[in-house]
1. If a residue must be surrounded by 15 or more Cβ atoms within 10 Å (Cβ to Cβ), aromatic (F, W, Y) and either closer than 15 Å to V37 by Cβ or in contact with a Gly (Cβ under 8 Å, 6 or more places away or on another chain) (or both), how many such residues does the range 47-86 contain?
2. Based on this model, can you work out whether S72 counts as in a helix (DSSP H, G or I) and small (G, A, S)?
3. Do you know which residues across the range 16-35 are over 19 Å from the mean Cα position of the chain (by Cα) and outside any loop (DSSP other than H, G, I, E, B)?
4. Is it fair to say G163 is at pLDDT below 95, surrounded by fewer than 20 Cβ atoms within 10 Å (Cβ to Cβ) and either on the phi > 0 side of the Ramachandran plot or of a type in the set (A, V, I, L, M, F, W, C) (or both)?
5. Sort out for me the strands (runs of 3 or more DSSP E) sitting completely within the range 128-194 that have 3 or more residues that are touching a strand residue (DSSP E or B) at 6+ places or on another chain (Cβ under 8 Å) and not β-branched (V, I, T).
6. Quick check on the range 36-57. Is at least one of its residues under 17 Å from L17 (Cα atoms), assigned to a strand (DSSP E or B) and touching a residue at least 24 places away in the same chain (Cβ under 8 Å)?
Amino acid sequence: MAVGAAKVLENVAGRPLVKSRQRVQDHAEVLTPAWLVDEMLALVKNESERIDSRFLEPACGTGNFLVRVLSSKLTTVMARYGKSDYERRHHALLALMSVYGIDIQADNALECRTNLLSLFGAYLGARAGDEWMRAAALVVGVNVIVGDALAMTTVGTSPDTHGLPIVFAEWGYLGRGKYQRRDFHFDKIAGRGTVRPGEAHHEVFQPVTSYPTMTVAQIAAMEDVT
């Protein structure tokens, strides 16, 4: 692991687990310690090390869990694609695309995005503002949501941002630098367990929006206009 990436993990793990007593009382907010995250991930080691396996943390806090999931995935990326900078970078972005979070506190969601971006940037050796970091910023912006995971709706300060159905992007890497994005309603995804075999056209499988295939540069351009 690169020195910069290890430093990001150390910084995230070293932060206080309680931001304030008031937040504990209001939201039962106590962040998960690094040692517990590691024990949890050990139980699903094969999945946490698979680059494209999707992880959702419904109360992600500042990213203690998701950052360590991403670190595990990036270790796999290096082991498999370390000899090709092209493949390493593209699969690192896919690893970032596979982690999702929801938090009811806007400052937590923002910090979680920042921590994920910091780890990704340190791993790639990317600089703030380059197309890789802009693409990554777009990804975490749509993957880490300010919302209520139980109600499956967004939380915001205006009718345009509050009480809307949570929408998540399903990302895929098609190879040769091309990515695919399809957006789905979270409440529909959560209902997949009720779908019977053969119901391939069930609404749960119907995306809200499907995008043309995109390169890193095109994903970065989307971030520039959001």
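The values are calculated or read from the model by the stated rules, or taken from the named source; none is laboratory data. Owing to the predicted nature of the structure, the values given are computational and were not obtained by experimental measurement. Ideal geometry is used to build each Cβ from the backbone, glycine not excepted, and the neighbour counts take in all protein chains shown.
1. Result for the range 47-86: 2.
2. Numbers: in a helix (DSSP H, G or I): yes; small (G, A, S): yes.
It is true that S72 is in a helix (DSSP H, G or I) and small (G, A, S).
3. R21, Q22, R23, V24, Q25, D26, H27, W35, listed by residue number.
4. Details: at pLDDT below 95: no; surrounded by fewer than 20 Cβ atoms within 10 Å (Cβ to Cβ): yes; either on the phi > 0 side of the Ramachandran plot or of a type in the set (A, V, I, L, M, F, W, C) (or both): yes.
Here the answer is no, as G163 does not meet what is asked.
5. Numbers: elements: 144-148, 167-175, 178-185.
Output list reads 167-175, 178-185.
6. Yes, that holds for at least one residue.
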